[in-house]
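Participant: Take a look at the following structure, please.
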Amino acid sequence: MGNAAISFQNPRTESQDDPEGMELKDLSAAWKEATPATGEILKEIDGSLEPQREWRMDVTNDGGQPLFSLRLIPETYVEAHKLKES
């Protein structure tokens with residue numbers, strides 16, 4: 001498969017890319033690397049993820065072609081400002 005570059009978009013919509021990527025043998029290996037990495041990153045979000053703001057990790061090949069994304073989309077069923085009041 002070649003190098004896969006894993007990047008993620010944090011809750012403040014700043015993109016952080018891994019410019020070197022990593023050598024992975026296939027799509028399954030990329031999935032197995034990205035899923036626990038996503039879990040570790042999400043553990044570090046300390047309440048800064050805002051309702052209706054998507055968080056996403058994108059995995060691309062070494063040419064920049066998207067392979068897959070892991071997404072978290074927080075949804076609220078009350079008005080967002082009510083969450084901040086509590």
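The values are calculated or read from the model by the stated rules, or taken from the named source; none is laboratory data. Values in this document were obtained by computation on a predicted structure and should not be read as measured data. Cβ coordinates were reconstructed from backbone atoms using ideal geometry, including for glycine residues, and neighbour counts include every protein chain displayed.
Participant: Among what's in the range 54-82 and is more than 24 Å from residue 30 (Cβ to Cβ) and modelled with pLDDT of 80 or more, pick the residue that is surrounded by the most Cβ atoms within 10 Å (Cβ to Cβ).
Facilitator: The extreme case among them is 74.
Participant: Take the residues in the range 1-24 that are loosely packed, with under 10 Cβ neighbours inside 10 Å and over 29 Å from residue 75 (Cα atoms); name whichever of them is modelled with the lowest pLDDT.
Facilitator: 19
Participant: What number of residues within the range 39-69 are closer than 21 Å to residue 23 by Cα and assigned to a loop (DSSP other than H, G, I, E, B)?
Facilitator: Of the residues in that region, 4 qualify.
Participant: OK, next. Could you check, for the range 25-38, whether at least one of its residues is modelled with pLDDT of 75 or more, outside any helix (DSSP H, G or I), surrounded by 10 or more Cβ atoms within 10 Å (Cβ to Cβ) and touching a helix residue (DSSP H, G or I) at 6+ places or on another chain (Cβ under 8 Å)?
Facilitator: No, the range 25-38 contains no residue that is modelled with pLDDT of 75 or more, outside any helix (DSSP H, G or I), surrounded by 10 or more Cβ atoms within 10 Å (Cβ to Cβ) and touching a helix residue (DSSP H, G or I) at 6+ places or on another chain (Cβ under 8 Å).
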